[in-house]
Every structure is written in C-alpha cells, then in structure tokens.
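Reviewing the structure listed below.
The values are calculated or read from the model by the stated rules, or taken from the named source; none is laboratory data. Bear in mind that the values here come from a model prediction, so they are computed numbers and not experimental data. Here the Cβ positions follow ideal geometry from the backbone for every residue, glycine too, while neighbour counts run over all protein chains shown. When the accessible area is computed, the model is the full protein with side chains, heavy atoms only, and any ligands, DNA or RNA have been set aside. Shrake-Rupley method; radii C 1.70, N 1.55, O 1.52, S 1.80 Å.
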Amino acid sequence: MDSETALELVKQGATILLLDVPQYTLVGIDTQMFSVGPSFKGIKMIPPGPHFLYYSSSCRDGREFSPITGFFIDAGPSEVIVRRWDPTEERLVKVLEEEEERFGEAVRQLEFDRQLGPYNLGQYGEWKRISNHISSTTIKRLEPIGGDITVACEPGISQSTSKPAIEKVLDDQLKASKFATPVDSSQRRGCYYTEIPHVIKKRGVQGQELTYLNLDKTLLLENLLKKYFGGSEDLLLGELQFAFVVFLMGQSLEGFLQWKSLITLFLECTEAFIKVIYHQLKFGLGRDRSNDTVGSSSTILDESWFTADSFLYRLCKDFFSLVLEAPVVDGDLLTWTRKLKELLENRLGWKFQNNIAADGISFDEDDEFAPVVVRMDDSELS
C-alpha cells in the first residue's frame, strides 16, 4: 500500500506497545504470530474490536518455550495499550496509568513506529469469521481474574476429569516442559464458563419421552439460553468462539473442554449452530497444514486430535446420519451439514459410514457422550 494509506491506518488503528520483551519470545495476536527480535516493541494498525494477544517465553537459545499465556482486549480506534515484561514472573503486566498516557502519546507521535510490526490486514477476515460473536460483554463474562489465560494456572482440570488420549497428550507435554513449575493453589484461576450438563434428568419424565429428550437436546439448549444467556444466541455463540480461541491459540485445556461440551450439545440438537462450527474447524484444520493434503500433520495440534477415535468423529457421524437421512430438513442446515462433512472428509480423510444398531440407534458403547437410552420393560410397553 502507499505511504499515505499506511499512515492513515496507523493513526486509526489500535496499537499494542510491548516493552522489554526478551528476544526469541513468541508473540501472537489473533491468527498471526511474531518471533521477537532485538527491535520489536509491539504491533500497530490493529482494527478496532476484540482481539486475543498471546505469548510464550523462551530459554536463551530459543529452543524451549513456556506454556502460552494470553488475554483478550477490546481495542478502540487509535487506542494505545501498553504492557511491560516482568522478568521475575515472565509475563506481560500493566503499567501505571501515567506511564500508559506518556507512552501512548509517544506512539501517537510515531516515536516507536519503526519498532512496531504491522497487523496483517489480509488475515483479519479469517479472524472475524472465528470471533464475530465475541464482544466486550463476552470477554467480561468469561475471562479469569486478572485476565491472563494459561493452562499452567487452570484449576485442577487434570485431577477432576477422566482423560482420553488427546487430553493426556497436552497434559504430558506440559509436565515434560522445562518451564513446568508447581503452581500454588492461590494462583489457580480459570475462566467463568457456563456449566453444560451432559444428560437431561427431568422429574416426572420417564421412558420414551426421557430417551427422546436425551437424543435431541434442543430443549436443554433452549433452557440454557434462557437461564444463562437471557435468550441471546450471540452470547452463547460468543462463549463457543471464546473457548475455541483460547483452546487453539492459547493451548488452554480448560478452553478445549468447554468447546467440546458446547460442540457436543450443538451436535446433539437437530437445529445445530452448524455454520459457526464449520468456520472454526475450517480454520483449525487449515492452519499450518502443509500442502492441504489428507492426513497431513499440524504444528499446533498433536495427531491424536485428528483420529477417528476422537469425540468429534463420533458426534459428527451420528449428526450427519440424523440430518442426511431425515425425510424433511431445513435447506440451509442441509447445505452447511454437507459442507462440514466434505471438510472433515477432505482434510482428515474421515469416512462417515452409518453404523446403525439393531434398534436403529447409532453409538459406541464406550462413548461418554453417547445418548441416554431408557429401556422400557414389558409393563411399560403394554
């Protein structure tokens, strides 16, 4: 772009000024990643709105990295956000208000312009597609005390949940890291996610009706929307996107578990939020995958995330069967279901073949997210 356009974008866009960050530290914003050099002092030309900033400190040779720490910002036009590196805690911290004003004025006078990396506006559309429901309300609702999100401080997830292979991988990587140090219980803090029940239990409802409620969880979704989100689908989708971003960019196990719970709920509803899920998986599977080939590896996620034994494969298999074999289905839902099926088949090589049991219900017995089926005895049937 020409110099006049670039200067206008610098003035109108937000800036994140990062002071004293050690060389080799990895710093990312949204879908973009920077490796800190000797002159790096932040990022300019950031479009106004919500963004996720994340970083990972390095040992001196730049070969070993700490668990990622990240936080959300809701940047205003021409706003300057200042953080300074704390060498003792190895994290970015806020500066005093008067310092922020002084440095903000220096940024507006272009004193740091040569030391600021430009936000790649060519990737902004990609970020918007996976974050368009995240608002300042979403961030305030969900972010932990202090704002920092890191797997190292998440509250006892490893002990409180049974871990399938994909979750063991992340846990083992964290424990094996040279940066893995015990965290005092007072420092453990997580995001304020909505609790998602896996099974519907309703007083006075039995037999076939209870089975139906657990096969199609639309009623559960409607109740959650009303109780926790004031009926706002945007807030619910905002939480889905928030969890996905901190899971994928921030390597948060807590974020993954919440995203998994919401995906499970959505794919067990006949009216699923299929378009949002499609864009998330398209970005997550497409990022850093070499030559876009089937089964190619990812530098972000371990291969165990992509096996046919994962929860996502099982859920999608049943969901695709439900939608594609339905005698009547909404046209938009059918279109996006086919797009999602093609995406997973092309990117991961998954084959979704029906595996219908004798009673017409498809699920694996050892799947913790399999539908609850209530068997009625002869007296109930008569």
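Loop-located GluC sites (Glu not before Pro) in the range 102-140 (DSSP state other than H, G, I, E, B) with a sparse environment of at most 15 neighbouring Cβ atoms within 10 Å: GLU111. Coupling constants for the range 7-15 follow from the phi torsions by the Karplus curve (6.51 cos²θ - 1.76 cosθ + 1.60, θ = phi - 60°), and in residue order they are 5, 5, 5, 5, 6, 7, x, 7, 9 Hz; glycine and proline get x. With both labels modelled 7 Å from their Cα along Cα-to-Cβ, the LEU96 to GLU325 distance reads 6.9 nm. Solvent-accessible area of SER321, all protein chains in place: 20 Å² (probe radius 1.4 Å, heavy atoms, ligands and nucleic acids excluded). The chymotrypsin sites (Phe, Trp or Tyr not before Pro) of the range 96-128 include none that DSSP puts in a loop with a beta carbon having at most 16 other beta carbons within 10 Å. With a Förster radius of 41 Å applied to the C-beta separation of MET33 and LYS226, the computed FRET efficiency comes to 0.55.
Of the listed residues TRP336, TRP350, the order by accessible area with a 1.4 Å probe, largest first, is TRP336, TRP350.
Among rounded, prolate and oblate, which fits the range 89-152 when a ≥ b ≥ c are the square roots of the eigenvalues of its C-alpha gyration tensor, a/c under 1.5 means rounded, and a/b larger than b/c means prolate? Note, shape of the range 89-152 comes out oblate.
Amide H contacts for LEU19 (H built 1.01 Å from N in the peptide plane; partners 5 or more residues away or on another chain; cut-off under 5 Å): ARG83, ARG84, TRP85.
With every protein chain kept in the model, how would you rank LYS282, LYS94 by accessible area, 1.4 Å probe, largest at the top?
Details: LYS282 95, LYS94 150 Å².
Result, largest first: LYS94, LYS282.
The phi torsions of the range 337-347, fed into the Karplus equation with coefficients 6.51, -1.76 and 1.60 and a -60° offset, translate into couplings of 5, 5, 5, 5, 4, 5, 4, 5, 5, 6, 7 Hz, rounded to whole numbers, with Gly and Pro shown as x. Per-residue SASA remark: HIS279, around 50 Å² accessible (1.4 Å probe; ligands, DNA and RNA not included). Derived scalar couplings between HN and Hα for the range 74-90 equal 10, 7, x, x, 6, 6, 10, 10, 10, 9, 10, 6, 9, x, 6, 8, 6 Hz in order, rounded to whole Hz, by the Karplus curve 6.51 cos²θ - 1.76 cosθ + 1.60 (θ = phi - 60°), x for Gly and Pro.
Near GLY28, the amide H atoms lying under 5 Å from its own belong to PHE34, TYR54, TYR55; only residues 5 or more places off or on other chains count, and H is placed 1.01 Å from N. Using a 1.4 angstrom probe and counting only protein chains, how large is the accessible area of VAL276 in Å², to 10? VAL276 has an accessible surface of roughly 20 Å² with all protein chains in place.
Assuming R0 = 22 Å, what is the FRET efficiency of GLN23 and GLU79, from their Cβ-Cβ distance, to the nearest 0.05? Let's see the in-between values first.
Details: r = 27 Å, r/R0 = 1.22.
Approximately 0.25, to the nearest 0.05.
For the range 225-268 and the range 1-69, write down the distance between their C-alpha centroids in whole Å. Centre-to-centre distance over Cα atoms comes out at 26 Å.
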